[in-house]
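First up is the structure itself, then whatever we jot down about it.
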Amino acid sequence: MGRTASFYHTRDLAVLLALGSAMVFAFKANFIIGMPTSQFSGCLSQKIFLVSKNEYEVVHGGFYAVTLDRDVLIAKKGAKLLKIVAARGGDTVRVEDDGVWVNDKTFLAVPLQGIAGRLKVDLGALKKTITVPPHQLYLVGNTDRSYDSRFWGTIDEKNVVGRAVAIW
């Protein structure tokens, strides 16, 4: 009886290890853990994200990981960013001191003064109204330290890495 119990225990352990390995492989193939980089650490109030590399359908208000397609003031082309999609192609975006309006309906409270002052960027140059070009995204953070599309413009939808879900 001791051998039989030991055999099943070893077999169960092997099955569990095989299943665990398969789950880790599947998880690694479909998801990545996202954390804001040091340059963008204050842009979102959340700190750790699970990014699905299989979800590319972009929705307003969703968190997304994107690859930066050009050099900007505080990051280089190829940097990965975690941002909120404020607007998509065809939407009208109005940037004010106290936040961002999308299609004159949705208001995102992302004040300009804090980050513009730290970066020594003229507020007047940032306050504007634009129509987001087709297949482009207008991205914002959700803190007063967010360096986002208000400073560097829109980004092509093809640069979406995947949808992110805040886990902490």
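Take the Cα pairs of the stretch 49-108, get the Kirkwood Rh, then feed it into Stokes-Einstein at 25 °C and 0.890 mPa s and tell me D in µm²/s.
It diffuses with D of about 185 µm²/s by this estimate.
Per residue, what accessible area does the stretch 93-168 have, given a 1.4 Å probe and all protein chains present, in Å²?
Accessible area per residue, the stretch 93-168: 50 Å².
Could you look at the stretch 59-168 and say what percent of its accessible area is carbon and sulfur, using a 1.4 Å probe and all protein chains?
Heavy-atom surface of the stretch 59-168 belonging to carbon and sulfur, 1.4 Å probe: 54 percent.
Give me the number: length gained by fully extending I74 to N103, i.e. 0.36 nm times residue separation minus the C-alpha to C-alpha distance, one decimal in nm.
7.6 nm
Just check the stretch 99-149 against the gyration tensor rule for me: Cα atoms, a ≥ b ≥ c as the square roots of the eigenvalues, rounded for a/c under 1.5, and otherwise prolate or oblate depending on whether a/b exceeds b/c.
On the way: a/c = 1.78, a/b = 1.58, b/c = 1.13.
Prolate.
The values are calculated or read from the model by the stated rules, or taken from the named source; none is laboratory data. Keep in mind the model is a prediction, meaning the values are calculated, not measured. The area values use the complete protein model at the heavy-atom level, side chains included, leaving out ligands, DNA and RNA. Shrake-Rupley method; radii C 1.70, N 1.55, O 1.52, S 1.80 Å.
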